[in-house]
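Comments concern the structure below.
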Amino acid sequence: MALSRKRAKELKRLRAAASDLWEDQREVLEHASLVVREAGRQAANAGREEVAPRVRETYDHRVRPVVDLGVASGRAVADTAREKVQRDVLPAVSSAIASALAVLEVSKDPRVREALSNVRKAGNHLGAKVGVVPPKPQPGPGRYILIGLAAIAAVGVAYAAWQTLRADDELWVSDDDAGDPVAPSSARP
């Protein structure tokens with residue numbers, strides 16, 4: 001199918017316009033990529049010069065002291081607990097074990113067994129039951145140790161919550177500071 005001259009000229013003009021448009025679009029995209037690259041470079045500079053020092057300063061003056069205080073408090077609690085265990089619990093446990101071993105050794109002695117059987121025989125003749133009377137259960141040192149550890153843990157949690165939730169006026173910076181380099185430009189006189 002042959003095109004008329006008029007249609008051929010129109011198609012040729014249309015191809016030329018499309019080529020011109022393609023070249024213009026390519027230039028626009030190249031210019032846009034340059035602008036984006038420059039914006040990224042400027043953002044990196046701003047982050048390096050403005051944001052990073054503020055983050056570092058905030059970390060050094062706000063976060064690190066609280067973390068160090070928490071670590072020191074944890075160590076103090078652990079040291080106190082260790083001393084309490086060494087001073088109170090271990091001697092009580094070793095004393096209880098030594099007493100139990102002593103009772104076992106004494107019960108193996110044939111003279112003690114003979115004396116116990118004589119007492120039982122005498123009690124049976126009198127109509128009374130003779131035997132070991134179980135003692136009333138009394139609170140041992142383990143109960144107090146657990147109560148103390150729970151109290152220490154509760155105090156630690158309460159202190160951490162208080163540190164987290166307390167109002168700290170030094171954390172807030174007012175916008176009225178004229179010498180503040182980060183104050184908005186509308187706040188400056």
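Tabulated data for the structure shown
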| item | result |
| --- | --- |
| Å³ per residue enclosed by the Cα convex hull of segment 7-57 | 43 Å³ |
| Inter-site label distance for Lys121 and Leu3 at 7 Å from Cα along Cβ, in nm | 13.6 nm |
| Total formal charge among the other residues, if their Cβ is under 12 angstrom from that of Arg48, Lys/Arg +1 and Asp/Glu -1 | +1 |
| Integer Hz, Karplus 6.51/-1.76/1.60 couplings in order for segment 152-162, x for Gly and Pro | 5, 5, 5, 5, x, 5, 4, 5, 4, 5, 4 |
| Integer Hz, Karplus 6.51/-1.76/1.60 couplings in order for segment 59-67, x for Gly and Pro | 4, 5, 9, 10, 7, 4, x, 5, 5 |
| Taking Leu69, Leu165 and counting other C-beta atoms within 10 Å, the order from fewest to most | Leu165, Leu69 |
| Two-decimal log10 I(q)/I(0) for segment 50-118, as the Debye equation yields it once each C-alpha is a single scatterer, q = 0.17, 0.22 Å⁻¹ | -0.79, -0.93 |
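Every number in this text was worked out from the coordinates using simple rules, so none of it is lab data. Remember, predicted model here, so these are calculated numbers, not experimental data. Ideal geometry is used to build each Cβ from the backbone, glycine not excepted, and the neighbour counts take in all protein chains shown.
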